[in-house]
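Here is the structure we will look at, set down as structure tokens.
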Amino acid sequence: MNIPAEYLLILSAVLFFIGVFGFFTRRNLVSLLISTEMMLNAVDINFAVFNAYCHPGHLEGYIFSLFGIGVAAAETAVAIAIIINVYRNFHSIHIKRLKNLKY
Amino acid sequence: MEYTILILILPLLSFLLLGLAGKIMPHKVAGTIGTLTLVAVTALSYYAAIEYFAAGRDASGVFAETMPYNFHWLPLGDTLCIDMGILISPISAMMLIVISTVSLMVHIYSLGYMEGERGFQRYYAFLSLFTFSMLGLVVATNIFQMYVFWELVGVSSYLLIGFYYTKPAAIAASKKAFIVTRFADLFFLIGILIYGYYTGTYSFTPQTDVLATAGAVLPTALLLMFIGGAGKSAMFPLHIWLPDAMEGPTPVSALIHAATMVVAGVYLVARMFPLFIGYAPEVLHIIAYVGAFTALYAAIVACVQTDIKRVLAFSTISQIAFMMVALGVCTSADPHEGGLGYMASMFHLFTHAMFKGLLFLGAGSIIHAVHSNEKSHMGGLRKYMPVTHITFLIACLAIAGIPPFSGFFSKDEILVACYNFSTPMGVFMSIVAAMTAFYMFRLYYLIFWGKSHYEEQLALYERGACDHEPHKPHESPARMTIPLIILAAITCVAGFIPFGEFISSNGRAYTIHIDKGVATASIILAAAGIALATIMYMKGESRITAKINQVLRTPIKAAYHRFYMDEVWMFITKKIIFKGISAPIAWFDRHIVDGSLDLLAKTAQKAGALIRPMQSGNVQTYSIWFLAGVLLISAILFFL
């Protein structure tokens, strides 16, 4: 346990912004979903890191990480279901095809 | 007398039943329900009237008004309150009898007259509605309740005039009737509001001390109320709707536009009579002059009309004007010195309702037989329709004022009241009475005497000059002739009712005595009118008639067109009111009022168009905006 906290935080920040970049630039719904998951994982890492380095002996951060993972799993299931339905209706999962949903 | 509430409830229930479920009923059931309801209402009305008058006079010698029902419906302030209830007084008891009798006759008669018509159930539903409203009007405990029912009779009149709604003339007539009477009712409402504001009550008989303070505005309020009454009772110049209202079914004309609704104005003035006589005698004089002019005008017009229902309509206007005059010439509340007109007016209202109802029902029977309203399709009908002929003749004798028929007695009282007021007024009304005799007998001879239209057509047909066999006139079925006979019987005996014993201007008993001079003069004048009609019309239109028509061509044409009163109204409304007032108001509304609102709407639309592209439907654009927002807020939190 002698990895400096900065390394882990840099990892989390990089992971988060890769997610943000992917979310803004990719056009495939599945890619967007993956990007979102990456952002969530970055947040989970942050929780775990701050718990371990700032408040050792407490468990809140870890528990929140576990929560985050659980929520992410559920969210993925819902999102995949939506994507499948989008494909059935539009025969494509290109994000530009979803413009009609604004009405 | 709590059962009197049933007099109102029964016709209302019948209206609801026939109105809601009429369509699924056979004609016979609907007619029976309507008629049986009226039988019950008539029985209750007679019972109530007999019980009321049998209870006798109180210590001061008058029949005390009783209120079996009265509840506060709408409190408007500490003292001002609109009540609903039932008030039985001598005149309302009399009106109950008149309305229920004529209405029952019309219900029975319509079973025959309207047989097989489309909308038969609707017809009976409307008749029930009308009966309900009219009975509610006469038993009203206060002026506002009267106004509510006043409008209800207006609407039922509208519905029944427009009963044949596929006929454009009927639609136009119903609209005209509604608009003209509604216009007059506006003044009525203003009068009521002024009255209520200054006296603090809507009651017919406010406290004397309240009246002392409100005395100055009472004449105005009463005059405005009279204008409302003039609209309903077809006084000149608001009479224009009544002749057109004859487009409705004939029994309806008999019930609404001859016997009951059109006398509502007279009833209103009679109801407010103590106030008129005490605080606004000058308004009574205005009523007398308006009435006298209307009587003459309508009598002249009635002399030249060719549609038999129009003749009767103008004769109705003229007779109602007689009642108005009788009320107007009163100068005191004591029947022995100047208050005779009140009793005379109510007496004439009673007898007129019976014989005018009879005349209209007779006319309906004739129209039923010859399928036309025009005099040229009639003539010589006495052989074909004996019952109608005799009953019609009785009614004509009554309206002409020949003893012993009822019209003589009531008209004689009116003329005596007029002579008491002033000799010119008496002479004037006597002349109008003579004209009444003339035009009624002109009508009688044109229908029942002279050359038969049917026989002429038959002769033409037999010679081969006409390809279809003419329709032979026939007597109407018993359902139609029995009401005629009953009404004729009432017309024969009603004059002998000691009317003054029940109704007089101050409530005390008054014994009617015939003034020999006036009676002789009016009989001679009536006989002269009848004689003139006999010479001119008995054998068809004689040479003398043709000559008179030739000499008086222009005035006769003017009278035929009712002295162009309709055109005058059209000019006033279309050219002056529409162009001068309504059109600028419409322009202001369309361009200024609507324009400012349009401006607001346009601004909102423009603003919307400006920011609409931001909602592209592209999720990633949204998220960029979201990110930008987050960064901005973070920057603000970070640097401030």
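The values are calculated or read from the model by the stated rules, or taken from the named source; none is laboratory data. The model shown is predicted, which means the values in this text are computed figures rather than measured ones. Because the Cβ atoms are built from the backbone with ideal geometry, glycine has one as well, and the counts that use them run over all protein chains shown. SASA here: full protein model, heavy atoms, side chains in, ligands and nucleic acids out. Shrake-Rupley method; radii C 1.70, N 1.55, O 1.52, S 1.80 Å.
Taking the stated definitions as given, is residue B:331 β-branched (Val, Ile, Thr) and assigned to a helix (DSSP H, G or I)? Taking the combined requirement at face value, the residue does not satisfy it. Would you check if residue B:620 is out of contact with any His (no Cβ under 8 Å at 6 or more places or on another chain), part of a helix (DSSP H, G or I) and under 23 Å from residue A:31 (Cα atoms)? Considered against the rule, which asks whether it is out of contact with any His (no Cβ under 8 Å at 6 or more places or on another chain), part of a helix (DSSP H, G or I) and under 23 Å from residue A:31 (Cα atoms), residue B:620 comes out as yes. Looking across the stretch B:605-628, the residues that are away from every other protein chain (no Cβ under 14 Å) and either more than 30 Å from residue A:99 (Cα to Cα) or surrounded by 10 or more Cβ atoms within 10 Å (Cβ to Cβ) (or both) come down to B:605, B:607.
Could you check, for the stretch A:68-91, whether at least one of its residues is within 14 Å of chain B (Cβ to nearest Cβ), touching a residue at least 60 places away in the same chain (Cβ under 8 Å) and surrounded by fewer than 16 Cβ atoms within 10 Å (Cβ to Cβ)?
No, the stretch A:68-91 has no match at all.
So in the stretch A:24-60, with the set limited to residues that are of a type in the set (D, E, K, R) and in a helix (DSSP H, G or I), which one is surrounded by the fewest Cβ atoms within 10 Å (Cβ to Cβ)? Result: A:60.
The set of residues in the stretch B:380-398 being part of a loop (DSSP other than H, G, I, E, B) and either under 14 Å from residue B:526 (Cα atoms) or out of contact with any Lys or Arg (no Cβ under 9 Å at 6 or more places or on another chain) (or both) consists of B:381, B:382, B:383, B:385. Does any residue of the stretch B:461-474 turn out to be in contact with a Gly (Cβ under 7 Å, 6 or more places away or on another chain) and open to solvent by less than 20 Å² (accessible area, probe 1.4 Å)? Taking every residue of the stretch B:461-474 in turn, none turns out to be in contact with a Gly (Cβ under 7 Å, 6 or more places away or on another chain) and open to solvent by less than 20 Å² (accessible area, probe 1.4 Å). In the stretch B:306-317 there is at least one residue matching the filter, namely being part of a helix (DSSP H, G or I) and of a type in the set (S, T, N, Q).
So is residue A:101 more than 14 Å from every other protein chain (Cβ to nearest Cβ), open to solvent by 40 Å² or more (accessible area, probe 1.4 Å) and part of a helix (DSSP H, G or I) or not? In short, no. The sole residue among A:41, A:28 that is modelled with pLDDT of 90 or more, within 14 Å of chain B (Cβ to nearest Cβ) and closer than 23 Å to residue B:627 by Cβ is A:28. For the stretch B:1-52, a residue qualifies if it is open to solvent by 30 Å² or more (accessible area, probe 1.4 Å) and aromatic (Phe, Trp, Tyr), and the qualifying residues are B:3, B:15, B:46, B:47. For the stretch B:334-353, the candidate set comprises residues that are in a loop (DSSP other than H, G, I, E, B) and in contact (Cβ under 8 Å) with a residue 12 or more places away in the chain; within that set, the residue that is most open to solvent (accessible area, probe 1.4 Å) is B:336.
For the stretch B:349-402, filtering for residues that are within 20 Å of residue B:497 (Cα to Cα) and either among the β-branched types (Val, Ile, Thr) or over 22 Å from the mean Cα position of the chain (by Cα) (or both) leaves 6. When the criteria are applied in full, residue B:268 fails the requirement of being within 30 Å of residue B:117 (Cα to Cα), in a helix (DSSP H, G or I) and not polar (S, T, N, Q).
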